[in-house]
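Heads up: the structure comes next, in structure tokens.
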Amino acid sequence: MIDEKEFQEHVEDVLNALGKHDENTRKVVEDMLRKYIFKLFMAERDAKVRVVESLGGDPSKLSSTIQKKIAELRPGQKMLTVIGRILSIYSKEVEREDRIGKRYYGVIGDETGVIFFNAWYLPEGIEKGDVIRIDRAYVKEFAGRVQLYIGNNSIVTKLPRDYIPVVRRESKYHRIIELRPGMRNVEVVAKILDVEKKNYIVGGEEKTAYSGIMADDSGKILYTSWNYEPPVGKVLRIRGAYVNTFRRLPQVVFDERAEIEILPNEDMEIKDSTVDIYHLINRGGVDVKVEGVIVDVREGSGLVTRCPICGERLDGNYCSQHGFVEVQYELRIKAVVDDGTGAIFVILNQEQSEKMLGMTLEECIKIAKESMNVGVVERIARDKLFGLPVILKGNVLSSDKYGLLMLPKEVRSVEDSDVRERVMELYREVVE
């Protein structure tokens, strides 16, 4: 979906084609375009043609493309005109539609920023340092990276090199806790904690990926390095990396186009510091420690009964596939933990649930049978755990269903009245 700035560019295009710029005509054009684009979901070009024809204009006077600076490029944009300097360019042969063709890729930039590009066509002789104008380009996101695409229908024109005298190439430095999926051209300084090597076939070509965890004084994050093995225990400065998601966790990715510098005299103390939940929103985190108060024990906590044959969750002792069975019991806690800056959904496994309740699975089963009510354990959990300060450690996933979700590796209660009071004070402010 286009944003308001791009919508207004379409409005100007229609007004230019009509040769009218008065406020009444603008209002009519805006109303018609909003109807066609946002309510009837017409393509922008088709909508503009319809408006111009309806108002007695000549559609041939419409611009075929919209010019954008690189910093303005967003996934889904089409029919663009982009002017930039080729900062790096590579090519390789690929099989396409029963023939061997060439695909070009690299980095292009202007005075506002840089972006990766992919091209199925470039004029002969285009090389690093050249300035080109691309008409009918489009933007897509692939593997978490925003890229500019030059297709077979695109028009590429070589311009004088001094057309763009300055290219903004510098990466912006971020601490790990600040990184968000979708960021590109970032700079990080981090210590490599571990590395694992895997080989992949990408586009018929073997590539090596080195993956693991890196960290700075603000936290940890997954990383993948293509065709470069980062030394474990060393501190690296990486410029030109980008951030995507891997298994719903943020990940820094860098390849041969990034600048990588080993800082030989640098060491970095990796602290096991508590992270505010606020910093994890729409991001998640790797091996984070959260400190907060249990403010809710959700329905579905306590004893869970399952079929011992197929694992189906049961209501009673009847399985839809296997009839009456001797049920298998599990114990779990589903809770919400709040630290005063945000909330996180937590699911504790059986061992952790036993630890927090101070009761074994067998003791919970005995209580449920004596009361003839499986739900009694959920009520006990709610009475024991509500308002309890806890420390959790583990990966935090950003989930569409639960928001922030943690399946903790470690959990323990703490006698910390400050933690409890901080969260309860926040709730009092909200209520009042």
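The values are calculated or read from the model by the stated rules, or taken from the named source; none is laboratory data. What you see is a predicted model; the values in this text were computed from it and never measured. Positions of Cβ are generated from backbone atoms using ideal geometry, with glycine treated the same way; all protein chains shown enter the neighbour counts. Heads up: the accessible areas ignore ligands, DNA and RNA and are worked out on the full protein's heavy atoms, side chains in. Shrake-Rupley method; radii C 1.70, N 1.55, O 1.52, S 1.80 Å.
Figures for the structure shown
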read-out: Cα gyration tensor of segment 1-157 - equivalent ellipsoid semi-axes, whole Å, descending; value: 33, 16, 15
read-out: Matching label, Rg/Rh (Cα atoms, Kirkwood Rh) computed from the structure shown, candidates (1) 0.95; (2) 0.92; (3) 1.09; value: (3)
read-out: The chain - mean residue ellipticity at 222 nm from DSSP helices (-39,500 (n - 2.57) per run, n ≥ 4, rounded to 500); value: -6000 deg cm²/dmol
read-out: Rounded accessible area per residue of the chain, 1.4 Å, Å²; value: 54
read-out: Accessible area of H21 in the full protein assembly, 1.4 Å probe (Å², nearest 10); value: 100
read-out: Degrees between helix 23-34 axis and first principal axis of the chain (Cα, 0 to 90, nearest 10); value: 50
read-out: Accessible-area composition of the chain, carbon plus sulfur, in percent [1.4 Å probe]; value: 47
read-out: Cα centroid separation, segment 32-78 to segment 308-341 (Å); value: 54
read-out: Partner aspartates and glutamates for K78 [C-alpha distance under 16 Å; skip if fewer than 8 residues away on the same chain]; value: D3, E4, E6, E9, D13, E44, D46, D135, E141
read-out: Rg in Å to one decimal, and Dmax rounded to a whole Å, for segment 116-213 via C-alpha atoms; value: 17.6, 47
read-out: Rg over Rh, two decimals, segment 65-159 (C-alpha only, Kirkwood Rh); value: 0.94
read-out: Backbone HN-Hα couplings from phi across segment 6-18 [Karplus 6.51/-1.76/1.60, Hz, Gly and Pro as x]; value: 5, 4, 5, 5, 5, 4, 4, 4, 5, 4, 5, 5, 7
read-out: Candidate lysines - alpha carbon under 20 Å from K220, same-chain residues fewer than 8 apart omitted; value: K172, K191, K197, K234, K271, K289, K393, K409
read-out: Full-extension gain in nm, F324 to K234, via 0.36 nm per residue minus C-alpha separation; value: 26.4 nm
read-out: Where labels lie 7 Å past Cα in the beta-carbon direction, separation of K35 and L55 in nm; value: 1.3
